[in-house]
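Read through the structure below, which is laid out as structure tokens, and then see the notes.
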């Protein structure tokens, strides 16, 4: 029997961590790296053995590693006596890990017995750190100056150059080496895009500034190492970091979403906005091998998703609706999907498979239709916010959605990733007891307060053809006896995980052939060892 697979989710494993999972990345071997924050004493070994980390102050950042089967490998903290955060993680092709975040006071970034400490210049500094696959520190770089800095997102190109983006206020030296590269944000928080080389040395930095606030929250690269940055802004912002000006103004009184493109030298290419009669933001971007852009976020009231002369308005059904949109490499709208319902939905992260299947996670409350452009496919939350993981193809056609939630707690999907083998990973926070098996099985995890989760999902639904050849008749798996050829019969198999397999019969029936031959003989004849003395 020949089978072909679609990326519909069945649970491979579900793991619990005491920290709050905010970011995740997988390497070429299927190892899973998570990052986030925790407070107090947190156990990061989901197998039952304890591996506790203890915070020294308030929130502290953490990084952990699970193997391909979800087994605990290691974890370490990044923190001191005040609040410290891990916002994002990324992995290069050599298995090295990159971490971005923010810290206060003094923090030791070396998890070994050695000490590599940095001290914030003012209230809060950003950082970017590189570790090997075993969690050993390679280097750490500080983004520091007056007031506050946050490095929200990090990514790496094939040469090992590191890109990070975030927000800053006051005056900051973005060159972590002996040089000086000061930028100043005086009116409100400005955004930055910083490029370092493989050794953490400064290459360039770009500033996005205006008369109000801008937050750059995610950065990704295409195959030509063009950098795409997304986020949201208020009032008027100049998105061209060079001498020329390219300003965009948000809808009056509201926050608009933006997405923009810089080339690998940091030069401005274009910037686009999404906005209307309410707030809109873009929180995540993923880029296909062909250079197409997939964006996810949320909006309220009316938002126009066509950044050019055309108009493609969507109207939110609830307080806020999630959206998923595709643009080409020049920022032209290809399609947009609304994920809306009776209360609220928000998309937090997006990831692509090698065949451009689109996965988006976030949270929803009430009843939300995840296929508003076709036959309704609605999911209702169990209580407060529930996690969702939804799948669409590269044309925006709905494929599948699953929800996970406790009866009265708040559960949120913050991060999603797809490994090289097509397995899908979702991470976030949950409360109380949640069944993380999307099919007929049960896989309950119970939180103490608010805990983190990581789940691995794999292929489920599959279709194929069963080719058979028989003489006169054939009884198939559906219990029907066929006496003629058939290529339309189907049968659905259900495995122990609750996954459907649709099989189509391709049957050829060969009928027996009758043949007679006349033979004349005197007295007798022998045929096949038998002597005949009369006509037959």
Which of the peptides 317-327, 478-488 is most tightly packed, and how do the rest follow, going by the mean number of other Cβ atoms within 10 Å of each residue?
317-327, 478-488
Which value, in nm² and rounded to one decimal, describes the direction-averaged projected area of the C-alpha convex hull of the stretch 88-210?
7.0
Taking a crude spin-label model, label points 7 Å out from Cα along the C-beta direction, the residue 41 to residue 530 distance in nm is 9.1
Based on the mean of other beta carbon atoms within 10 Å per residue, what is the order of 158-164, 399-405, 56-62, most packed first?
399-405, 56-62, 158-164
Count the DSSP beta bridges whose two residues both fall in the chain, then state the antiparallel fraction as a percent rounded to the nearest 5.
95
Rank these for me by crowding, 82, 244, going from fewest to most other beta carbons within 10 Å.
244, 82
Spin-label model distance (nm) - residue 508 vs residue 223, 7 Å beyond Cα toward Cβ
4.0
Restricting to the stretch 213-418, compute how many DSSP beta bridges are antiparallel as a %, nearest 5.
100
Share (percent) of C-alpha pair distances in the stretch 1-146 greater than 27 Å works out to 23
Provide the packing ranking of 146-157, 179-190, 358-369, i.e. peptides ordered by the mean count of other C-beta atoms within 10 Å per residue, highest first.
358-369, 146-157, 179-190
Multiplying the sequence separation of residue 252 and residue 471 by 0.36 nm and subtracting their Cα-Cα distance, what value in nm do you get?
71.2 nm
What percent of all Cα-Cα pairs in the stretch 213-418 falls into each 10 Å bin, going from 0 up to the bin containing the maximum distance?
9, 37, 36, 15, 3, 0
Once you place label points 7 Å from the Cα toward the Cβ at residue 485 and residue 330, how far apart are they in nm?
5.1
Percent RCO, i.e. relative contact order, over the chain, from Cα pairs under 8 Å lying at least 6 residues apart:
11
Just rank 265, 352, 295, fewest to most, by other beta-carbon atoms within 10 angstrom.
265, 352, 295
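What is the calculated FRET efficiency for residue 407 to residue 443, with r their C-beta to C-beta distance and R₀ = 22 Å, to the nearest 0.05?
0.85
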What is the diffusion coefficient of the chain in µm²/s, taking the Kirkwood radius over Cα pairs and the Stokes-Einstein relation at 25 °C with a viscosity of 0.890 mPa s?
97
In whole angstrom, the spacing between the Cα centers of the stretch 140-170 and the stretch 113-139 equals 12
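We did not get these values from a lab; they are worked out from the coordinates using the rules stated. This is a predicted model, so every value here is computed, not measured. Every residue, glycine among them, receives a Cβ derived from its backbone with ideal geometry; neighbour counts consider all protein chains shown.
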